[in-house]
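A.B. asks: After the structure tokens below, expect a handful of questions from me.
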Amino acid sequence: MASSVFGTPVTDAMLRKMPEYQGKNSISQQDRAKVALDKVNAEGKSLDARNLWRSCRLDLGEPTS
């Protein structure tokens, strides 16, 4: 499960395939960040991350200060 928590990376190549970025001369870090935020739960990443966190918490116990 841990290997897929982050999902598919948002790259320039990925954005160039999207209709709104076709023909755009340059793709900025801000463009990639916008798409990444739009896809925050794509492929179930949010649920996978939460389940991984719970699993680690059960294995390692509650954090202490």
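The numbers here are math on the coordinates, done by the rules we state, and not lab data. Keep in mind that this is a model prediction, so the values were computed, not measured. As a convention, Cβ positions derive from the backbone with ideal geometry for all residues, glycine included, and neighbour counts pool all protein chains shown.
A.B. asks: Which entry is the computed P(r) over Cα pairs in 5 Å bins from 0, in percent for this structure: (i) 3, 14, 23, 26, 18, 10, 4, 1; (ii) 3, 17, 34, 27, 14, 4, 0; (iii) 3, 16, 20, 16, 13, 11, 9, 5, 4, 2, 0?
C.D. replies: (iii)
A.B. asks: Picking from LYS17, LYS45, LYS34, which is most flexible by a Gaussian network model of the chain using Cα springs under 10 Å?
C.D. replies: Largest GNM mean-square fluctuation: LYS17.
A.B. asks: Which of the aspartates and glutamates could a cross-linker span from LYS17 if the Cα-Cα distance has to be under 17 Å and same-chain partners fewer than 8 positions apart are dropped?
C.D. replies: The reachable aspartates and glutamates, counting only those whose Cα sits under 17 Å from LYS17, are ASP31, ASP38.
A.B. asks: With everything on Cα atoms, drop me the angle between helix 45-60 and the longest principal axis of the chain, reported from 0 to 90° to the nearest 10.
C.D. replies: 20
A.B. asks: Let me ask another. In straight Cα distance, which lysines are under 17 Å from LYS45, not counting same-chain residues fewer than 8 positions off?
C.D. replies: Cross-link targets: LYS34.
A.B. asks: Calculate how steeply helix 29-38 sits against the longest principal axis of the alpha-carbon atoms of the chain, using the helix alpha-carbon long axis, and give the answer as 0 to 90 degrees to the nearest 10.
C.D. replies: The angle comes out near 60 degrees.
A.B. asks: Net charge near MET14: determine it from the other residues with C-beta under 10 Å of the C-beta of MET14, scoring Lys and Arg +1 and Asp and Glu -1.
C.D. replies: So the surrounding residues net to +3.
A.B. asks: Here's a follow-up. With a cut-off of 8 Å between alpha carbons and a minimum separation of six or more residues, what is the relative contact order of the range 2-60 in percent?
C.D. replies: Over the range 2-60, the number comes to 45 percent.
A.B. asks: Select from ASN51, ASN25, ASN41 the residue whose mean-square fluctuation is largest in a Gaussian network model of the chain (Cα-Cα springs shorter than 10 Å).
C.D. replies: Its mean-square fluctuation being the largest, the pick is ASN25.
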